[in-house]
Amino acid sequence: MFSEATIAPFKSSLRGEVIEPGDARYDEARKVYNGMIDRRPRIIARCVDVADVISAVNFGRENTLRIAVRGGGHNAGGLGVCDDGLVIDLSQMNYVRVDPKKRTVLAGGGALWGAVDHATHAFGLAVPSGIISTTGVGGLTLGGGLGHLTRQCGLTIDNLLAVDMVLADGSFVTSSAKEHPDLFWAVRGGGGNFGVVTSFLFKAHPIHTNYAGPMLWPLEDATEITRWYRGFIPKAPRALSGFFAFLTVPPGPPFPEHLHNKKMCGIVWCYTGPAKAAERVFAPIRKFKTAALDMVGPMPHPVLQTMFDALYPPGLQWYWKADFMRELDDKAIALHVKFAEQLPTMHSGMHLYPIDGKASDVKNSSTPWCYRDAKWAQVMVGVDCDPANREKISSWARDYWTALHPHSAGGAYVNFMMEEGDDRIRATYGKNYDRLAKVKKRYDRANLFRVNQNIKPARAST
Ligand SMILES: Cc1cc2nc3c(=O)[nH]c(=O)nc-3n(C[C@H](O)[C@H](O)[C@H](O)COP(=O)(O)OP(=O)(O)OC[C@H]3O[C@@H](n4cnc5c(N)ncnc54)[C@H](O)[C@@H]3O)c2cc1C
């Protein structure tokens, strides 16, 4: 606990709340999305504006506290919270402002994607994000941002125009292609290493109603479907995306009873092109193999973005393992099918997200996100509501990953990783790591922001 003399000036400097152990709100405030994470910070500062963030950063630095920055709290490894330190909680900084004329969107550092989709949809616009609307804008953007619109519009970072940030010394900067360009390069994939982002400015796209939804096939057809999918997607029009999944059908509506609890493979499609062309675009897909369940049809963008929210409420146990894949050869597909047959729980699964199309137009060195030449971001997630199944879901995901890793490109999408050590972080940033370390040294020499996939500041001589 802090002495009153230490904590009182900090509390009175904030317009937001300060929550400490013993406070009735403490246990709720320290929870993050992954129920496996159980950390007990010394103090939680719920900031409501930039001034609060400046106070919190200064308080953390002056009291040599470990600092975690919380955006949406979704991070797999629970990097939005820490033991025995300060949590700078941005969840109250959740505003979204759309400029329909300029087609730009300003979102607070703690906004969730659902809020962005809601605000932009009214103007027939969308910003590329992920596939679950409860994910934070902060962490997803700073790590890259993969989702339904990646093939058409690029990663989320490819649509980022500027950020407002509070740096380790408490100073405030705006960073864009013109202002602090080195910092702007680094935040587009380098995570929360460089400061607290208090707002994000995005470019939005005219996207309103898609032709979208899942198609499911029996697991017995998985080899055939996966082989077809690996050839089909890279040649498909950019307005069409589809991520591949192994899954277990949830036992309830809208799924027909005969499919309940069945292990299946599926593709979740999203076509953003003209409605009149949709049936034609999907004709070869439907011709290739009739799906056991075809739920693809016209769908407002926010409906697609919220489709899986109810299936994955906060508090489930999650264990993640991931890799980038340059190809999906037959041996890798055989291993995938083997582990899909062993899916340990209804919520567990494997996804392959395409990273070609517009995302691959950007050079590996143009942002820290240096696997633009890979074809897929692969992630195995062991998920369950029962903490007793923690080992079961973790060992399935670990074994699955271990079998597939030799077929991978090396690193993994940083937002799909747990805390996996320096070697994995280096593999993930590849040739861009040294440049990130130099920017880190310039903006956060003492590594104040280290509760993240941490980039170590370059040594003094570099
Ligand atoms: C169910 C689920 C589905 C997902 N789907 C996708 C998907 O489709 N596509 C995709 O790309 N990713 C996806 N992710 C991964 C997601 O991008 C990461 O979990 C991301 O870290 C979440 O961001 P957050 O702000 O919610 O998390 P937090 O836990 O709050 O933060 C994560 C990290 O980002 C830092 N951070 C957050 N906000 C800020 C800020 N404003 N300033 C500085 N640092 C900040 C934190 O310090 C921490 O290191 C998914 C995750 C989950 C749990």
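Among the residues of the stretch 57-101, the one identified as open to solvent by 50 Å² or more (accessible area, probe 1.4 Å), among the hydroxyl-bearing types (Ser, Thr, Tyr) and within 22 Å of the chain's Cα centre (by Cα) is Tyr95. Scanning the stretch 391-426 for residues that are within 16 Å of the ligand (Cβ to nearest atom), in a helix (DSSP H, G or I) and either surrounded by fewer than 16 Cβ atoms within 10 Å (Cβ to Cβ) or not charged (D, E, K, R) (or both) gives Ile393, Ser394, Ala397, Val414, Asn415, Phe416, Asp422, Ile425.
If you go through the stretch 155-187 and pick out every residue that is touching a Ser or Thr at 6+ places or on another chain (Cβ under 9 Å), surrounded by fewer than 24 Cβ atoms within 10 Å (Cβ to Cβ) and in a loop (DSSP other than H, G, I, E, B), you end up with 2. Within the stretch 16-36, being assigned to a loop (DSSP other than H, G, I, E, B), within 15 Å of the ligand (Cβ to nearest atom) and touching a Lys or Arg at 6+ places or on another chain (Cβ under 8 Å) holds for Gly16, Arg30, Val32, Met36. Looking at this structure, is Leu146 surrounded by 24 or more Cβ atoms within 10 Å (Cβ to Cβ), of a type outside the set (Asp, Glu) and assigned to a helix (DSSP H, G or I)? So Leu146 fails the test.
Is there a residue in the stretch 433-444 that is under 30 Å from Met36 (Cβ atoms), assigned to a loop (DSSP other than H, G, I, E, B) and in contact with a Phe, Trp or Tyr (Cβ under 8 Å, 6 or more places away or on another chain)? Checking the stretch 433-444: at least one residue is under 30 Å from Met36 (Cβ atoms), assigned to a loop (DSSP other than H, G, I, E, B) and in contact with a Phe, Trp or Tyr (Cβ under 8 Å, 6 or more places away or on another chain). All of Ala126, Ala119 fail the test of being open to solvent by less than 10 Å² (accessible area, probe 1.4 Å) and of a type in the set (Gly, Ala, Ser), apart from Ala126. I'd like to check something: does the stretch 118-133 contain any residue that is within 12 Å of the ligand (Cβ to nearest atom) and more than 17 Å from Ile355 (Cα to Cα)? Checking the stretch 118-133: at least one residue is within 12 Å of the ligand (Cβ to nearest atom) and more than 17 Å from Ile355 (Cα to Cα).
The values are calculated or read from the model by the stated rules, or taken from the named source; none is laboratory data. Treat the numbers as computed from the prediction; the structure is a model and nothing was measured. A quick note on method: Cβ atoms are made from the backbone with ideal geometry, for glycine too, and the neighbour counts reach across all protein chains shown. Areas reflect the complete protein model, heavy atoms only, side chains present, ligands, DNA and RNA absent. Shrake-Rupley method; radii C 1.70, N 1.55, O 1.52, S 1.80 Å.
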